[in-house]
Amino acid sequence: MPAFPIPVFTACVLLFLAAKAWKDGNTPGSVLLLVLVCALQSLIISLHYHYGQTWLLAVQPITAVTIPVLTYLAFLSTSVRPLHIKPDGLHVLVPIAAAISRFVWPDLLDALIIGVFCGYGLMMLMQLRTGTDQLPLMRLADDTRPLVLWRVVAFSLIASAFSDVLIVAAVTSGAGWLHPWIISLYSSGILLVIGLLNLSDMLKSAEPRQQKVQETGPSVSSAREPLFDPAEDANILDRLEQLMKERQVYLDPDLTLRKISRQLSLPEKQISAAINRQTGENVPRYINTHRINAACELLRGGQPVTAVIYASGFNTKSNFNREFLRVKGCSPSDWLARQ
């Protein structure tokens, strides 16, 4: 009976989803490349361990370390900032180092792979430690879910490093027969998780899409944290409230902190810090509060709830209902009944 190894199944799923995402046209190229490399790695694992193609042993560690590199770059390009040749191009040194180690210092290869997966996972967690305001390219309608999913991706990278630890432990304890099982089950599972999460719509940047809000200026660098000034915070919030009132930018379902930064010609961190200190909320909740208030006006006017969800800037019914409950303390139907 023909065998259908788990890594082949993983590769087929990822290739199908990548083809579908490419056809839809809304998935960034960095994400598609990552998913394709995950699929390639699954195929290499299968050909090596299930079909006896031992020559792939020289390729497998190089493609393996490429995955955390591409994951981190996909995270940056869809959530934090556009990629630049400098310094992002330096990440190509990681697979080059793996190739050199494979042929020159093979004894160091396992330690290098573990270090790369753990290192990139920790880099992502460090960047995510201050919350959703660190993701200026993400749609603000999604609140904290992109933050949670990116953390899962980061932990998946770290967890993947432990497959090598398990392999070393199995070989050392005389259970070398577990080697292909660990690779097939553990690594393929991690590759599938990374690929599926990166294709999640909540992790896609809104920046590549058609701009629905007129942008009045370039994005302002936010590399340096501004000094705390209550008067300046109040002024920023006044300007932001004026922007909300005059242009109703919160109605844009693809609104991002980067777009707001361009509208106000202010650094992203300065805007998010002012909102945090003046309102006690993060940026997504601040924007969603405006959306819910706009939704209430539409509901008062007799608009059906299904139409109000999208007309007020939300992408999903679940997010609308959750934010409505947070802002108004009840469901839309209960709120209407009280009116």
Checklist outcome for this item: How many residues of region 309-339 are over 23 Å from S200 (Cα atoms) and free of Cβ contacts under 8 Å to residues at least 24 places away in the same chain? The answer is 7
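Okay, residues lined up against (1) out of contact with any Ser or Thr (no Cβ under 7 Å at 6 or more places or on another chain); (2) outside any loop (DSSP other than H, G, I, E, B); (3) aliphatic (A, V, I, L, M):
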| site | (1), (2), (3) |
| --- | --- |
| P7 | no, yes, no |
| A18 | yes, yes, yes |
| W22 | yes, yes, no |
| C38 | yes, yes, no |
| S46 | yes, yes, no |
Item to check | Test: R300 is surrounded by 24 or more Cβ atoms within 10 Å (Cβ to Cβ) and farther than 23 Å from L76 by Cβ | outcome: no
Checklist entry - In region 274-308, which residues are more than 15 Å from D252 (Cβ to Cβ), touching a residue at least 40 places away in the same chain (Cβ under 8 Å) and not aliphatic (A, V, I, L, M)? => result N276, R277, Q278, T279, N282, R285
Checklist entry - Just to be sure, is D88 touching a Pro at 6+ places or on another chain (Cβ under 9 Å), surrounded by fewer than 20 Cβ atoms within 10 Å (Cβ to Cβ) and part of a helix (DSSP H, G or I)? => result no
Checklist entry - Which of the residues belonging to region 302-339 are outside any loop (DSSP other than H, G, I, E, B) and more than 28 Å from S272 (Cα to Cα)? => result V305, T306, A307, P332, S333, D334, W335, L336, A337, R338
Item to check | Unmet requirement for S77, which otherwise passes all of (1) within 19 Å of the chain's Cα centre (by Cα); (2) farther than 25 Å from T132 by Cβ | outcome: (2)
Item to check | Residues of region 31-57 satisfying the condition of being crowded, with 20+ Cβ neighbours inside 10 Å and polar (S, T, N, Q) | outcome: Q41, S42, S46
Checklist outcome for this item: Within region 126-140, the count of residues that are surrounded by 16 or more Cβ atoms within 10 Å (Cβ to Cβ) and assigned to a helix (DSSP H, G or I) comes to 6
Checklist entry - Which of (1) at pLDDT below 85; (2) assigned to a helix (DSSP H, G or I); (3) not aromatic (F, W, Y) does S101 not meet, given it meets every other one? => result (1)
Checklist outcome for this item: If you go through P226, P253, the only one that is more than 18 Å from R81 (Cα to Cα), at pLDDT 65 or above and surrounded by fewer than 21 Cβ atoms within 10 Å (Cβ to Cβ) is P253
Item to check | Residue selected from region 257-273 under the condition part of a helix (DSSP H, G or I) and either at positive phi or without any contact (Cβ under 8 Å) to a residue 40 or more places away in the chain (or both), by the criterion farthest from the chain's Cα centre (by Cα) | outcome: L264
Checklist entry - If we scan region 283-301, do we find a residue that is small (G, A, S) and not in a helix (DSSP H, G or I)? => result yes
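The values are calculated or read from the model by the stated rules, or taken from the named source; none is laboratory data. Bear in mind that the values here come from a model prediction, so they are computed numbers and not experimental data. Note that each Cβ is placed from the backbone with ideal geometry, even for glycine, and that neighbours are counted across all protein chains shown.
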